[in-house]
């Protein structure tokens, strides 16, 4: 388990603070992530199934995602949650899964062609 880390989301540059937690009921990894400016909280999960999943029409990754790509995918998942209804308010924690699409987009950002 790692300590808390401050980082910015990849596209919207939202300042986030993440801490990996021991997941309960999740067959993978989980993080508590807070948007620093507006105190919106997220429980981010990344399941083992998602790591193995390949979306239709998208070529598989050249191996499993590395830690930087996973953390970029966390930022993408939060950005997706923030721009989709309902509006996220401070003081509440929202459950957000990292999707296989988040992982592929993170890999594309990290491994430009």
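Conditions tested, residue by residue: (1) in contact with a strand residue (DSSP E or B) (Cβ under 9 Å, 6 or more places away or on another chain); (2) modelled with pLDDT under 95; (3) on the phi < 0 side of the Ramachandran plot.
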residue	(1), (2), (3)
42	yes, no, yes
49	yes, yes, yes
57	no, yes, no
62	no, yes, yes
68	no, yes, yes
76	no, no, yes
note = Picking from 48, 79, 67, the residue that is closer than 18 Å to residue 6 by Cα and surrounded by fewer than 18 Cβ atoms within 10 Å (Cβ to Cβ) would be 67
query = Would it be correct to say that residue 32 is within 12 Å of the chain's Cα centre (by Cα), assigned to a strand (DSSP E or B) and surrounded by 14 or more Cβ atoms within 10 Å (Cβ to Cβ)?
reply = yes
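Could you check segment 79-113 and list, in sequence order, the residues that are touching a strand residue (DSSP E or B) at 6+ places or on another chain (Cβ under 6 Å) and in contact (Cβ under 8 Å) with a residue 40 or more places away in the chain? Show your work before the answer.
Going residue by residue through segment 79-113, those that are touching a strand residue (DSSP E or B) at 6+ places or on another chain (Cβ under 6 Å) are 81, 88, 90, 93-98.
Once the filter is applied, which keeps residues that are touching a strand residue (DSSP E or B) at 6+ places or on another chain (Cβ under 6 Å) and in contact (Cβ under 8 Å) with a residue 40 or more places away in the chain, segment 79-113 yields 88, 90, 93, 94, 95, 96, 97, 98.
The values are calculated or read from the model by the stated rules, or taken from the named source; none is laboratory data. Not measured: the values here are computed from a predicted model. Because the Cβ atoms are built from the backbone with ideal geometry, glycine has one as well, and the counts that use them run over all protein chains shown.
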